[in-house]
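The next block holds one structure in the form of structure tokens; read it before the comments.
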Amino acid sequence: MKLRETNHMEYMEGMEVIASDIMDRVLKATKEYDYYKYTSVDVYSVLQKDALTVDDFAALLSPAAEDFLEVMAQKSKQETAKHFGNSLCMFTPLYISNYCENYCVYCGFNCQNKIKRGKLSFAEIEHEMEVIAATGLREILLLTGESRKSDVEYIGEAVRLATKYFTNIGIEIYPLNTDEYAYLHECGADFVSVYQETYNPDKYEELHLRGPKRIFPYRFYAQERAILGGMRGVAFGSLLGLDDFRKDAFAAGLHAMLLQQKYPQAEISFSFPRLRPFINNADNNPNDVHEPQLLQVMLAYRLFMTYAGITISTRERAGFRDKVAGMVATKLSAGVKVSVGGHDEVSKGDEQFEISDPRTVSEVKQMLKARGLQTVYSDYIRV
Amino acid sequence: MEDKLIIGGHAFHSRFILGSGKFSLEMTNAVIENAGVEMATLALRRANVGGEENILDFMPEGITLLPNTSGARNADEAARIARLARELGCGDFVKLEVIRDTKYLLPDNFETIRATEILVKEGFIVMAYMYPDLNVARDLAAAGAAAIMPLGSPIGSNKGLLTKDFIKILVDEIDLPIIVDAGIGRPSQACEAMELGVEAVMANTAIATARDVPLMAKAFKLAIESGRAAYLAGLGRVLEHKAEASSPLTGFLEA
Ligand code: SF4
């Protein structure tokens, strides 16, 4: 099998091209972003402002801002409270399939690896949903691997089943064309998460060797197609640590900001997956994202986009999640199983990554309560 | 004569409308009691009927529910949310919010007028959240709104009465209760709004983000009562520094 056979900047057949200049603008600004030019004086003056420009955001992501984490955290806590009060939305992901036809070199799930793959039947999906709904949750995120083996009709049917149990249905699946997003929206999905992994096209090319995911611009424009397809909101993120995390964090923020400017009704949210640095390698690599860097990125987003949803994943440890809830994050998952199915059914596929916070929905709710925060189960009605 | 707030034919003693959703639901009772409010808003999208943390389960008996249409991006969505609220037993009051900007959360005045027309025909008592614009307020009144709710400053900003002069125009020109919604950040600002002659004040974030939520609710109650009393009493003349010159310009006039 020939690797790297295609040009990663050229669309494959069947991939929709939309008229938009957002990608060019993001890539240009990211290329020009020189985070070493910001000094502590710049950061200090940004922290005196109430509405931040793109350049201010760039300053908060710079190494100079690392010394201001505490001030940023205090400010972020106030902004989060002003916009979201003391509420945290809770949801759980359900993996319905893990087929994958891509070859991302950093992922053990890629199509070159022999792992256990599977997809749930509709009866199994419904049973999983019943079990999840019984915990009180009303928001669910449906995930598939990136393969058309779980096709749009299959996902649509899963979404329809979800509407029986949940008020808020998100999907984290491979990028689609506008009409396909419109179809899933009609089935009942509202929110689409797609992560660009890295916004550096050269690095992207080296890391994504095969499959549709290799096509950088098609993935980049997924959120915009989702909005055009009628979705209420979209989530952005990059896999921090794959490349220069400051640039990737800057790019994802700018991407979201420009999209919201173009479609002011779109709800914006962010996730911050990261590659964990090797323990013995601490401080060696400036690309490494340790907890302080992760928090810096999250805080910079909150101060730049005070209105955006910020999700904190179970990949982070409980001690970190508990503290960022209410300070910066507005949404968290609980009761997470990262295998295919596995909430009740015996898992039908291997797990893609390990979680660090295995607590149940009610345990997380108790924690929030003890911290003076309220759990929100329902935050949306579809009309 | 007793000083009452009349909205859509219903009389209220309290001129404080409480927002909800930004503080823990278990506090609702204590906050309502301290605030002395008779009307509280709730976001219908937070209603989780039959489920956990359902805001409707926390509203005490006797309170007038003011369901809001937050989440609606156009008039039709707002109308559907209002109908759902009525089906859930929230009554006929509706706080109409139509917003299609997730960043500033500024209301869409045009769609708000359209939604008011639809909902008034269906018998709703519409209290319309709006950006203070006299023409829009007139159209809302003509469409049958029961109260006009201009924003003081953007939702959640706690910046107070940035739109003061425009709100005053509404107070002077519109023959409906003007109620300041959004932006009030501290009791003194609520008091200032009441002195201006608005009929009531709504607050949420300022209370929810206080260190002691029930106590701040009480502070707002007192400020609103005080501002109302000041308005009724008629504010006296406040002399500007050096306003009366020692050689008056009109001293030459003969009797
Ligand atoms: S990251 Fe996703 S698309 Fe890439 S190989 Fe892993 S599962 Fe497949």
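Each of B:136, B:210, B:235 was placed along the dipole of region B:115-255 (beta-carbon charges, centred on the mean Cα), and the one lying farthest toward the positive end is B:210. Measuring from each cysteine beta-carbon in the protein assembly as shown, the ones with no other cysteine beta-carbon under 4.7 angstrom are A:89, A:100, A:111, A:187, B:90, B:191. Qualifying chymotrypsin sites (Phe, Trp or Tyr not before Pro) in region A:84-117, where qualification requires a DSSP coil assignment and no more than 15 other C-beta atoms within 10 Å, comprise A:106. The largest accessible area among B:31, A:17 belongs to the first residue in A:17, B:31, and the rest follow in falling order (1.4 Å probe, all chains). Accessible surface buried at the B:A interface totals approximately 2500 Å², computed with a 1.4 Å probe on protein heavy atoms.
Charging the Cβ of each Asp and Glu at -1 and of each Lys and Arg at +1, and nothing else, the dipole of region B:66-161 about its Cα centre rounds to 160 debye.
These residues, A:8, A:208, go from largest to smallest accessible area, 1.4 Å probe, as A:8, A:208. Helix-only estimate, please: 222 nm mean residue ellipticity of chain A, summing -39500 (n - 2.57) across DSSP H runs of length 4 or more and dividing by its residues, to the nearest 500. Estimated from H runs of four or more residues: -11000 deg cm²/dmol. Between the amide H of residue A:87 and those of A:374, distances stay under 5 Å, these residues lying 5 or more places away or on another chain, with hydrogens modeled in the peptide plane. Placing unit charges on the Cβ atoms of the charged side chains and taking the dipole of region A:1-155 about its Cα centre, the candidate lying farthest along the positive direction among A:99, A:140, A:47 is A:99. Surface composition of region A:1-85: carbon plus sulfur atoms contribute 52% of the solvent-accessible area (1.4 Å probe, protein chains only, all chains present). Where both bridge residues fall in the protein assembly as shown, DSSP classifies roughly 10% of the beta bridges as antiparallel.
The Cα atoms of region B:114-255 give a gyration tensor whose axes a ≥ b ≥ c have a/c of 1.5 or more with a/b no greater than b/c, which makes the shape oblate. Comparing A:258, A:362, A:241 along the charge dipole axis of region A:11-376, the residue lying farthest to the positive side is A:362, per the Cβ-charge model. The mean count of C-beta atoms from other chains within 10 Å of the C-beta of residues in A:130-136, rounded to a whole number, is 1. Helical runs assigned H by DSSP (4 residues or longer) give chain B a calculated mean residue ellipticity at 222 nm of -10500 deg cm²/dmol, each run adding -39500 (n - 2.57) before division by the residue total. In order along region A:290-297, the phi-based Karplus estimate (6.51 cos²θ - 1.76 cosθ + 1.60, θ = phi - 60°) of 3J(HN,Hα) comes to 8, 4, x, 5, 4, 5, 4, 4 Hz; Gly and Pro are listed as x. With contacts taken as Cα pairs under 8 Å and at least 6 residues apart, chain A reaches a relative contact order of 25 percent.
Buried on complex formation within region B:58-102 (loss of at least 50 square angstrom of accessible surface versus the isolated chain, 1.4 Å probe, ligands and nucleic acids ignored): B:73, B:102.
Near the amide H of residue B:93, within less than 5 Å, lie the amide hydrogens of B:125, all on another chain or at least 5 residues away, with H placed in the peptide plane. The residues of chain B have, on average, 46 Å² of accessible surface per residue, using a 1.4 Å probe with all protein chains present. Could you tell me which of rounded, prolate or oblate describes region B:5-233, using a ≥ b ≥ c as the square roots of the eigenvalues of the alpha-carbon gyration tensor, with rounded for a/c under 1.5 and, failing that, prolate when a/b is larger than b/c and oblate otherwise? The shape class here is rounded. Apply the a/c threshold of 1.5 to the C-alpha gyration tensor of the protein assembly as shown and tell me whether it is rounded, prolate or oblate. Cα axes put the protein assembly as shown in the prolate bin. Of the GluC sites (Glu not before Pro) found in region A:7-63, those that fall in a DSSP loop while having at most 11 other beta-carbon atoms within 10 Å are A:13. Straight-line cross-link partners of residue B:121 among the lysines, defined as a Cα under 30 Å from its Cα and at least 8 positions apart when in the same chain: B:4, B:95, B:168. Protein heavy-atom surface of region A:179-254, 1.4 angstrom probe: 45% of the accessible area is carbon and sulfur, with nucleic acids and ligands not counted. Across region A:95-110, computed HN-Hα scalar couplings (Karplus, 6.51 cos²θ - 1.76 cosθ + 1.60, θ = phi - 60°) run 7, 9, 7, 10, 5, 9, 10, 10, 10, 9, 5, 8, 10, x, 8, 5 Hz from first to last residue, x flagging Gly and Pro. Ranking of B:225, A:139 by solvent-accessible surface, largest first: B:225, A:139 (1.4 Å probe, protein heavy atoms only, all chains present).
Residues in chain A average 39 Å² of solvent-accessible surface per residue, probe 1.4 Å, ligands and nucleic acids excluded.
Rounded to the nearest 20 debye, the dipole size of region B:116-255 about its Cα centre is 580 debye, using +1 on the Cβ of Lys and Arg and -1 on the Cβ of Asp and Glu. Mind checking which lysines have their C-alpha under 26 Å from residue A:149, skipping anything on the same chain fewer than 8 residues away? By straight Cα distance, residue A:149 reaches A:2, A:114, A:116, A:119, A:164, A:213, A:337, A:348. The relative contact order of region B:135-251, computed from alpha carbon pairs under 8 Å that lie at least 6 residues apart in sequence, is 22 percent.
The values are calculated or read from the model by the stated rules, or taken from the named source; none is laboratory data. Remember, it's a predicted structure, so these values are computed and weren't measured experimentally. Because the Cβ atoms are built from the backbone with ideal geometry, glycine has one as well, and the counts that use them run over all protein chains shown. Heads up: the accessible areas ignore ligands, DNA and RNA and are worked out on the full protein's heavy atoms, side chains in. Shrake-Rupley method; radii C 1.70, N 1.55, O 1.52, S 1.80 Å.
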